[in-house]
Amino acid sequence: MPAKISLLLLSAILILLFVLSAGCTGEFLPAKTDRFPHVGTSSVTGDYNYITHSFNFENRKINLTVPIDMGIYSAAYNSDKSAYLNPEKLSSNEWYDEYYSSFMISPAMDMVYIPILEEFQKIKQKMSLDSDRYAELIFAYAQSIPYRTDDTRKQPKFPVETIYENSGDCDDKSILAAALLAKEGYDVALFEFEAEEHMAVGIKSDICTYKNTGYAYAEVTGYSYIGWPEIKTDDNASIKSDPYIISAGKGTIAYQSCGDVLFIYQKMNEALKFTYDTEKQIIEDKAEAERMADQISAFKEKMKILKDSGNIAEYNRNVSSYNSMISEYNKKSSSLEALVNQYNNFVNIYNYIAEHRYDRKGVYEYLADS
């Protein structure tokens, strides 16, 4: 009996999810004079702890070690993070701008950003990164910081806290990413989704702008392509509201690689559609090939009985039918094997896209070669 083919279907397809998080809002209190969170340079002690963080970027593992002044961290950790506002401001969201800017922009935070950006600049030069890849490097750093909510600290954290603690929720990591990008001259903003209680980052783009904001959407709760068209929350619900846009700095550099991202998105959907459309056909064809193999096995046993009993004439009359069954089985097996190979190829493409969200350039080149 001919050997059965081995059907190698991957047991699971890695679904590309861009997981978002809720619970990212600030707190305000009424006051006669506006007052926002603040960490001053008077908190500097010169007592440093060195924080090392490793993350994936393109085809490399980046190891980043930065000094954190413990005086700045302690002042940030213990600071009052509420906004004290004149009641007239409570009727609009305009206070958001000053509130979130107070976390990003201050001389004390600059002392945290400078050594990080000095290391990033070294990586930029070593890898010959253009402005888009450099932005992706900074995003990959913020995205790779473990996502974690803290029920006892619901208000946003200063970037020094997120870095030192190596954790943060959506607003913490968004604030950090936007602040670093703004310091490097990028036109970035925070996206505040009040209805979904979520925060993300927008980076200027003319190709894949989110809801005509002029900014590409960038998720920071985990690795994610900049400008990815599908945005889902952790319960698989879409972000539907328009964001309140909070400008971060006065940078002018835009992100121009959204064309690559949209190409990757198209190829991912093609791969997903092919696997869904093909899986049922493979299962049916495999079952048919197994039925044919069983028929051949039974026919072969019949032929053996004829030969062993000396009924050579009847044996010879059945040889043609037996060979025909073998030929049909081999055709079915070859066709099935080719279909399985196609299926596995598309699964590999899908998984590669899902597993390398920190490598837009590499994924684009992989798909172009494929």
| task | For region 292-325, name all the residues that are closer than 17 Å to Glu337 by Cβ and not aliphatic (A, V, I, L, M). | result | none
| Residue that is nearest to Asp130 (Cα to Cα) [pool: residues in region 315-370 that are part of a helix (DSSP H, G or I) and of a type in the set (Lys, Arg)] | Lys361
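Just to be sure, is Ile246 open to solvent by less than 30 Å² (accessible area, probe 1.4 Å), in contact (Cβ under 8 Å) with a residue 24 or more places away in the chain and farther than 20 Å from Glu196 by Cα? Steps first, please.
Working: open to solvent by less than 30 Å² (accessible area, probe 1.4 Å): yes; in contact (Cβ under 8 Å) with a residue 24 or more places away in the chain: yes; farther than 20 Å from Glu196 by Cα: no.
No, not satisfied.
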| query | Do we find that Thr33 is at pLDDT below 75, over 26 Å from the mean Cα position of the chain (by Cα) and open to solvent by 70 Å² or more (accessible area, probe 1.4 Å) in this structure? | reply | yes
| request: Just give me the residues in region 46-84 being at pLDDT 95 or above, of a type in the set (Phe, Trp, Tyr) and open to solvent by less than 60 Å² (accessible area, probe 1.4 Å), in sequence order. | output: Phe55, Phe57, Tyr73
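Among the listed residues Pro87, Pro2, which satisfies the condition of being open to solvent by less than 70 Å² (accessible area, probe 1.4 Å) and either modelled with pLDDT of 95 or more or farther than 30 Å from Ile231 by Cα (or both)? Before you say what the answer is, go through the steps one by one.
On the way: Pro87 fails: open to solvent by less than 70 Å² (accessible area, probe 1.4 Å).
Matching residue, one of Pro87, Pro2: Pro2.
So, in region 185-216, of the ones that are of a type in the set (A, V, I, L, M) and open to solvent by less than 30 Å² (accessible area, probe 1.4 Å), which residue ends up farthest from Ile105 (Cα to Cα)? Full working, then the answer.
Restricting attention to region 185-216, the residues satisfying the condition of being of a type in the set (A, V, I, L, M) are 188-190, 195, 199-201, 203, 207, 216.
Subsequent filtering for residues that are open to solvent by less than 30 Å² (accessible area, probe 1.4 Å) retains 188-190, 199-201, 203, 216.
Details: Val188: 14, Ala189: 13, Leu190: 13, Met199: 18, Ala200: 18, Val201: 16, Ile203: 18, Ala216: 22 Å.
The qualifying residue farthest from Ile105 (Cα to Cα) is Ala216.
Which residue is nearest to Ala189 (Cα to Cα), if the candidates are limited to region 239-255 and must be of a type outside the set (Ser, Thr, Tyr) and outside any strand (DSSP E or B)?
Narrowing region 239-255 to residues of a type outside the set (Ser, Thr, Tyr): 239-240, 242-243, 245-246, 248-251, 253-254.
Keeping just the survivors that are outside any strand (DSSP E or B) gives 239-240, 242-243, 249-251, 254.
Values: Ile239: 17, Lys240: 18, Asp242: 14, Pro243: 11, Gly249: 8, Lys250: 10, Gly251: 10, Ala254: 12 Å.
So the residue we want is Gly249.
Each row is one residue, and each column tells you yes or no for (1) open to solvent by less than 20 Å² (accessible area, probe 1.4 Å); (2) under 17 Å from the mean Cα position of the chain (by Cα).
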{"site": "Ala218", "(1), (2)": "yes, yes"}
{"site": "Ser241", "(1), (2)": "no, no"}
{"site": "Gln256", "(1), (2)": "no, no"}
{"site": "Asp260", "(1), (2)": "no, yes"}
{"site": "Gln266", "(1), (2)": "no, yes"}
{"site": "Ala293", "(1), (2)": "yes, no"}
{"site": "Phe299", "(1), (2)": "no, no"}
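The values are calculated or read from the model by the stated rules, or taken from the named source; none is laboratory data. As the structure is a prediction and not an experimental result, all values here were calculated from the model. Every residue, glycine as well, gets a Cβ built from its backbone with ideal geometry; the counts of neighbours run over all protein chains shown. Just the protein is used for accessible areas: all its heavy atoms, side chains included, with ligands, DNA and RNA removed. Shrake-Rupley method; radii C 1.70, N 1.55, O 1.52, S 1.80 Å.
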